[in-house]
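*Asks:* The structure is given below, and queries will be raised subsequently.
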Amino acid sequence: MRSSHYDILFEPVRIGPLTAKNRFYQVPHCNGMGHRAPSGMAGMRRMKAEGGWAVICTEVCEIHPSADVSPHSEARLWDDADIPALARAADGIHQYGALAGVELGHHGFRAQNRTTREVPMGPSSHSVVSYDPVHSRMMDKQDIRNLLRWQKSAALRAKRAGFDVIYVYAAHGLTTAMQFLTKRYNQRIDEYGGSLENRVRLLREMIEVTKDAVGDTCAVPVRICVDELLGPGGLCSDGEGREVIEMLADLPDLWDLTVGDYSNDARPSRFGQEGAHEDYVSFVKQVTGKPVVGNGRFTSPDTMVSQVRRGVLDFIGAARPSIADPFLPRKVEEGRMGDIRECIGCNICVAADNTYTPIRCTQNPTMGEEWRRGWHPEYIPERESEDQVLVVGAGPAGLECAVSLGKRGYDVLLAEASEELGGRSAREPRLPGLAMWGRVREYRVEQLNHLPNVQVYPASRMTAQDVLDTGANRIVIATGSHWRRDGVARYHRSPISDLDQAALFTPDDVMDGKQIEGPVILYDDDHYYMGGVIAEKLRLQGLEVTLVTPAPLVSAWTVNTLEQTRIQRRLLEIGVQIRANEALVAFHGGEGSLACVFTGNTQALKAQSVVMVTARLQDSALYDDLLARSGEWAQAGIKTVDSIGDALAPGTIAAAVFGGHRYARELDQAPHGDDVPFLRENAQLGPWS
Ligand code: ADP
Ligand code: SF4
């Protein structure tokens, strides 16, 4: 049972006409499923209800075709035809006694309207926020009346769909209501522009129409940005951000607070700690009698208690912590703190939405798979055979596989070459900014401590003969990968011929503590986090570092994880030189040759060393040796040998965890063969003549 210290988190709290059963509040978050995969979205939300969250909200829900942010797949209530899909989410959430929330939104000039071809509109005429060659038009009075009507209609539809908590959304710079609030976007000279009182008018009217429409039985919160982190030029918590809350103090039923843009709200752990918003949001409870929810990657129950006790927040808002562990409230309630799967702040979940794909999570391999594969984050079917399983390699893939097989009840042997378990999830967290990522290892090692049927053998590098000698029936090779030295990745598809091997290093060498002399050329053709992290580490050691990349941006893929701008800023601030759009084509005699990716023209750059952050190669030697000895398997009792994680094909930590989990789930299940291994929602055909 839990300690009474946490009781405060389980107090009921009133929101308008409703009561939330506790203080755990899943704030709206994108998930890449939205209107294209409504059952997937509903299954994911229902799981959180089962996990004990009191309020569970959808992602943003477009209220009209002029709010179209496709190809992002958000929820929609354009008309009545959209009600059944959303009703599924509300029903699922209600099954476990939680309140269902929907974040109604109109996106102003953020909506490129790529699908609907409506002309974007906002408070003033602006370029849309992407590089689309599109401008918004200034909304006239009729447009404003229309917007209020759409908000009201969507609210009524949301109520019919079964939602209890129906939002007015004015945050993230993405919504019309917020665009009207900020001087920067609102250059109107009518009663909706100019003074703050005028700029607040639209938000006030949106709250009023929503409350008029549904406020008798539903709660109407406002999600608002209280500080844009732009100083007095934007909304700020000691300026206009505060004044807006003061003006509207008790009008909404709840304040849902955000800070900065989306990249700050979902701030990656490399650039912000748990509860980082406190200084900006703590004033709100002093100026309103209505409950307040705020987020900040809260994973520690002690931090949550502290936020409530000190009067910062009434509800603990969570998006990512609820993704990493949908059962977080239940675990706190039952005093199972060690079982909490803490979010690592990597933003792989956000990257799914940014790449228009269903959500996934590094820590929680079942995220997004609740409906389509029927996976549950806490329950896994019992074993279906007496087979003993040998897992070789205790990186993210091997650890997850061993833990999940252990939970199914299999007899498992886990052999790891090093003294320490964790593989890359032990090594990489020692690099600058990645400490939180160690939770991937910590959670799973903690789980192993409670699984007596999993025998762990550290410092045990396995050979094929060792494997054959164990007597295990199922063999899982999770031996990981290593970084290439030959320059092969995306720009070079075959090795660079002219390389001075003596001066060449890889991230593995850096993590092994090899001595590297500067100046250094760091050649990044990987484009995820490693290039930027190694450049930072070497620079902090005092070396001169030039990061060379064929991409236009440093760590270009991290645009999707909302890290890119901060990574490039940090490198520039600490004095890393950046050469974008160039590829390393040769290195010898203390000189690199860099080719422009457009013209091929080369320039020389002097350096003592090169660190190649290019591609990785699977460590498949053991797997290959075992395949070569397949004739001996039967006698050794071996039924199958499989390779998972980076040993199969190097990828993200999330992919390795997923691979390990999938193996464990599917062992002894009927093979999928050529069948699609998950449910799909195929588009319904329209009329045809
Ligand atoms: P993944 O991300 O797929 O889990 P990692 O590289 O993080 O891959 O982990 C692979 C782990 O496998 C490392 O900890 C490594 O020490 C271990 N390993 C590699 N080869 C062997 C082997 N022959 N026997 C035991 N462990 C091995
Ligand atoms: Fe947290 Fe990463 Fe999972 Fe997102 S993907 S919830 S940031 S662990």
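*Asks:* Please state which one of Val128, Val119, Val69 is touching a strand residue (DSSP E or B) at 6+ places or on another chain (Cβ under 8 Å) and surrounded by fewer than 16 Cβ atoms within 10 Å (Cβ to Cβ).
*Replies:* That would be Val119, the only listed residue that is touching a strand residue (DSSP E or B) at 6+ places or on another chain (Cβ under 8 Å) and surrounded by fewer than 16 Cβ atoms within 10 Å (Cβ to Cβ).
*Asks:* Further question: Counting only residues that are under 17 Å from the mean Cα position of the chain (by Cα) and assigned to a strand (DSSP E or B), which one in the range 300-331 is nearest to Lys48 (Cα to Cα)?
*Replies:* Ala318
*Asks:* Looking at the range 422-441 only, could you name the residues that are within 13 Å of ligand 1 (Cβ to nearest atom) and not polar (S, T, N, Q)?
*Replies:* Gly422, Gly423, Arg424, Ala426, Arg427, Glu428, Pro429, Trp437, Gly438, Val440, Arg441
*Asks:* Just one of the numbered conditions (1) closer than 18 Å to Met41 by Cα; (2) more than 16 Å from ligand 2 (Cβ to nearest atom); (3) basic (Lys, Arg) is not true of Arg320; which one?
*Replies:* Evaluating Arg320 over (1) closer than 18 Å to Met41 by Cα; (2) more than 16 Å from ligand 2 (Cβ to nearest atom); (3) basic (Lys, Arg) leaves (2) as the failure.
*Asks:* Within the range 632-689, track down each residue that is basic (Lys, Arg) and assigned to a loop (DSSP other than H, G, I, E, B).
*Replies:* Result: Lys639, Arg680.
For every residue, the table says whether it meets (1) within 12 Å of ligand 1 (Cβ to nearest atom); (2) modelled with pLDDT of 95 or more.
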{"site": "Ala583", "(1), (2)": "no, yes"}
{"site": "Gly589", "(1), (2)": "no, no"}
{"site": "Arg616", "(1), (2)": "yes, yes"}
{"site": "Leu622", "(1), (2)": "yes, yes"}
{"site": "Glu666", "(1), (2)": "no, yes"}
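*Asks:* If you scan the range 554-592, which residues turn out to be part of a strand (DSSP E or B) and over 19 Å from Asp526 (Cα atoms)?
*Replies:* His588, Glu591
*Asks:* Against the condition of a type in the set (A, V, I, L, M, F, W, C) and touching a residue at least 12 places away in the same chain (Cβ under 8 Å), how does Ala655 come out, does it pass? Talk me through it step by step, then tell me what you get.
*Replies:* Values: of a type in the set (A, V, I, L, M, F, W, C): yes; touching a residue at least 12 places away in the same chain (Cβ under 8 Å): no.
Considered against the rule, which asks whether it is of a type in the set (A, V, I, L, M, F, W, C) and touching a residue at least 12 places away in the same chain (Cβ under 8 Å), Ala655 comes out as no.
*Asks:* Something else now. Out of everything in the range 668-689 that is within 24 Å of Pro38 (Cα to Cα) and of a type in the set (A, V, I, L, M), what residue ends up being modelled with the lowest pLDDT?
*Replies:* Within the range 668-689, the match that is modelled with the lowest pLDDT is Ala683.
*Asks:* OK, next. Output the residues belonging to the range 338-349 that are within 16 Å of ligand 1 (Cβ to nearest atom) and farther than 21 Å from Met41 by Cα.
*Replies:* Ile344, Cys346
*Asks:* Identify, from the list Tyr192, Tyr185, the residue that is surrounded by 20 or more Cβ atoms within 10 Å (Cβ to Cβ) and more than 25 Å from Ala42 (Cβ to Cβ). Break it down stepwise before answering.
*Replies:* Numbers: Tyr192 fails: surrounded by 20 or more Cβ atoms within 10 Å (Cβ to Cβ).
That would be Tyr185, the only listed residue that is surrounded by 20 or more Cβ atoms within 10 Å (Cβ to Cβ) and more than 25 Å from Ala42 (Cβ to Cβ).
*Asks:* For Ala489, state whether it is under 30 Å from Trp633 (Cα atoms), among the small types (Gly, Ala, Ser), touching a residue at least 60 places away in the same chain (Cβ under 8 Å) and outside any strand (DSSP E or B).
*Replies:* no
*Asks:* What number of residues in the range 39-88 are more than 29 Å from Glu11 (Cα to Cα) and charged (D, E, K, R)?
*Replies:* Qualifying residue count for the region: 7.
*Asks:* Can you name the residue in the range 1-59 that is part of a strand (DSSP E or B) and among the aromatic types (Phe, Trp, Tyr) and is also surrounded by the fewest Cβ atoms within 10 Å (Cβ to Cβ) among such residues?
*Replies:* Per the stated criteria, the residue is Phe24.
*Asks:* So which pairs qualify, if the first residue must be in the range 322-334 and in the same structural domain as Ile348 (by TED's automatic domain parsing), the second must be more than 10 Å from ligand 2 (Cβ to nearest atom) and among the β-branched types (Val, Ile, Thr), the Cβ gap must be under 8 Å, and the two must be at least 6 apart or on different chains?
*Replies:* Once the first residue is in the same structural domain as Ile348 (by TED's automatic domain parsing) and sits in the range 322-334, its partners that are more than 10 Å from ligand 2 (Cβ to nearest atom) and among the β-branched types (Val, Ile, Thr) give Asp325/Ile340; Leu328/Ile340; Lys331/Ile340; Val332/Ile340.
*Asks:* Would you mind finding the one in Arg270, Arg297 that is away from ligand 1 (no atom under 16 Å from the Cβ), among the charged types (D, E, K, R), under 21 Å from Arg439 (Cα atoms) and part of a helix (DSSP H, G or I)?
*Replies:* None of the other options fit; the residue is Arg270.
*Asks:* Moving to a separate point now. Would the range 320-337 turn up any residue that is in contact with a Ser or Thr (Cβ under 8 Å, 6 or more places away or on another chain) and either within 16 Å of ligand 1 (Cβ to nearest atom) or within 30 Å of Thr463 (Cβ to Cβ) (or both)?
*Replies:* No - not one qualifying residue is present in the range 320-337.
*Asks:* Take the conditions in contact (Cβ under 8 Å) with a residue 60 or more places away in the chain, within 10 Å of ligand 1 (Cβ to nearest atom) and more than 21 Å from His588 (Cα to Cα) and apply them to Val476. Does it pass?
*Replies:* On the way: in contact (Cβ under 8 Å) with a residue 60 or more places away in the chain: yes; within 10 Å of ligand 1 (Cβ to nearest atom): no; more than 21 Å from His588 (Cα to Cα): yes.
No; evaluated as a whole, the condition is false for this residue.
*Asks:* Just give me the residues in the range 72-110 being touching a His at 6+ places or on another chain (Cβ under 8 Å) and modelled with pLDDT under 95, in sequence order. Give the steps one after another, and end with the answer.
*Replies:* Step one: list which residues in the range 72-110 are touching a His at 6+ places or on another chain (Cβ under 8 Å), which gives 73-76, 78, 82, 85, 100, 106, 109.
Within the range 72-110, just Phe109 meets the criteria.
*Asks:* Additional query: If you take just the helices (runs of 4 or more DSSP H) that sit entirely in the range 371-459, which of them hold at least 3 residues that are outside the structural domain of Phe271 (by TED's automatic domain parsing) and within 16 Å of ligand 2 (Cβ to nearest atom)?
*Replies:* Per the criteria, 396-408, 439-448.
The values are calculated or read from the model by the stated rules, or taken from the named source; none is laboratory data. These numbers were taken from a predicted model, which means no experiment stands behind them. Backbone-built Cβ (ideal geometry, glycine too); neighbour counts: all protein chains shown.
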